[in-house]
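Notes follow the structure.
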Amino acid sequence: MTQDTFLTGITTTGTPHIGNYVGAIRPGIEASKDLDTGHFYFLADYHSLAKNEDPDRIGQSTLEIAAAWMALGLDTEHAYFYRQSDVPEILELTWILHGMTAKGLMNRAHSYKASVQANVEGGDKDPDKGVTMALFSYPILMAADILMFKSTKVPVGQDQKQHVEMARDIAQRFNHNYGDTFVLPEAVIGEDTAILKGLDGRKMSKSYNNTIPLFAPEKKLRKLIMKIKTNSLEPGEPKDTADSTLFDIYKAFATSAETTAVAQAYADGIAWGQMKQQLFEYINEHIKPAREEYERLISNPAVVEAELKKGAERARQLSVPYLAQIRDAIGIRKLG
Ligand code: TRP
C-alpha cells in the first residue's frame, strides 16, 4: 500500500487573510502532523506571472505567506516547504508537459474561458485581448507542480478542481506515450464550511477587497471586524445564525461548545456591536502568539529566506533524480 502525498500551492499575490487561514493554512498544518503521509506546501511565485503582478508585491507576498505558515507552526522538518522558483526542475518539467498537452484542453480551462468571455461581452474585436501565454498555459505549470512530487491528493478550492483534473489528463497521456512515469493526482475539495465570507458578505477574497488580514495589528483587526456587514435588527431582537458572517467567522475559530453558547446569545438577541466586540476579542486572543512570531519573521526576512532555501534543497533531492528519469523517458539523453 502506498501512502498519500498531499501537495498544494499558494499563489504569491496577496496578504494572508483569515479565509486563507481557515480554508488552507490551518487544515494544511493539521494534516501535516500525520507523519505517515507526505506533505508539500509551496509558494507558487511563477504562477503570479499570469496576472502580471507588481514585482514588489510578489516579493512582499512571498515573505508574508511564508512567515504566516512558519509562525503558525508548520513542521518544516517533515513537510516540504519551498518556493517554486527555487526548484528549477518544475519549470523544465512544465515545458516537457507542453508536449503532452492538447491545445484544445487548455481552450477549455475555466480561467482562460472567463477572460475570453469578458472580452466578448466587453465588445472587444480580439477575444484573446490581454491573454498571455502564461495565463493560457497556467494549468500546465500547475500540472508540473503536482506531478513533480508524485502527489496523490491535492487540496484546493472548488475553482481549482478542473486544473487538477487537467494535470491528471496530462499525466495519463504521458504515461500512455512514454510508459508509466507519473502518479495520477486527485483533487481534495475542502468542505463548504471552510469558505469564509468577507466584510461585505461575499466570499472572502483578495479580488473582492473584503478580507481581514490574519495578522492585522490589533487596532486594525478591531476596526475591520466592526465593519462586517450585519442586518438592522435591534439589540434584544432574536437573530438568525444562518447567513450571519459574524457567526460564521466565530464558528470557524471557536470550539463547538463556545459556538453553541453564541448561537444561544443570538436567540436571546445579542446586540451586533456586542457580538462584534466578542468576535474581535476571541480572534485577537487566538492569534496573538502567532502574530508576535509573524512580526518577528517579517522584520527578519533572512530567517524566512533560509527556511525556504532549506526546503528547496530537500525538495530538489527528489526533483533532480526524478527529472533525469523523465528526460530519459522522452529521449533527452546523453550521447555516450
Ligand atoms: N493555482 C492555485 C490557486 O490559484 C495555486 C497553485 C499553483 C496550486 N500550483 C498548484 C494548487 C499546485 C495546488 C497544486 O489557488
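The values are calculated or read from the model by the stated rules, or taken from the named source; none is laboratory data. All values derive from a computational prediction rather than experimental measurement. Cβ placement follows ideal geometry from the backbone for every residue including glycine, while neighbour counts extend to all protein chains displayed.
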Determine whether residue 242 is surrounded by fewer than 17 Cβ atoms within 10 Å (Cβ to Cβ) and at pLDDT below 95. yes
Residues of the stretch 321-336 that turn out to be touching a residue at least 12 places away in the same chain (Cβ under 8 Å) and exposed (fewer than 13 other Cβ atoms within 10 Å of the Cβ), as a count: 1
Close pairs (6 angstrom Cβ cut-off, 6 or more residues apart or separate chains): of a type in the set (Gly, Ala, Ser) in the stretch 1-28, in a loop (DSSP other than H, G, I, E, B) anywhere: 19/196; 19/204; 23/190
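Here is a yes/no grid of residues against (1) part of a helix (DSSP H, G or I); (2) surrounded by fewer than 20 Cβ atoms within 10 Å (Cβ to Cβ):
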| site | (1), (2) |
| --- | --- |
| 104 | yes, yes |
| 116 | yes, yes |
| 123 | no, yes |
| 130 | no, yes |
| 141 | yes, no |
| 160 | yes, yes |
| 173 | yes, yes |
| 176 | yes, yes |
| 183 | no, yes |
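Please go through the stretch 142-163 and pick out each residue that is more than 7 Å from the ligand (Cβ to nearest atom) and either closer than 20 Å to residue 99 by Cα or touching a residue at least 40 places away in the same chain (Cβ under 8 Å) (or both).
143, 144, 147, 148, 149, 150, 151, 152, 153, 155, 159, 162
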Anything in the stretch 185-227 that is over 16 Å from residue 284 (Cα atoms), of a type in the set (A, V, I, L, M, F, W, C) and buried (at least 21 other Cβ atoms within 10 Å of the Cβ)? List them, or say none. 196, 204
Would you mind stating whether residue 73 is of a type in the set (Gly, Ala, Ser) and either in a strand (DSSP E or B) or free of Cβ contacts under 8 Å to residues at least 40 places away in the same chain (or both)? no
Cβ-Cβ distance below 8 Å, separation of 6 or more or different chains: which pairs start in the stretch 34-62 with a residue that is more than 20 Å from residue 297 (Cα to Cα) and aliphatic (A, V, I, L, M) and end on one that is in a loop (DSSP other than H, G, I, E, B) and more than 10 Å from the ligand (Cβ to nearest atom)? 35/78; 49/132; 50/132
Exactly one condition in (1) part of a helix (DSSP H, G or I); (2) within 15 Å of the ligand (Cβ to nearest atom) is false for residue 57; which is it? (2)
Please enumerate the residues belonging to the stretch 46-71 that are modelled with pLDDT under 95 and touching a strand residue (DSSP E or B) at 6+ places or on another chain (Cβ under 7 Å). 47, 48
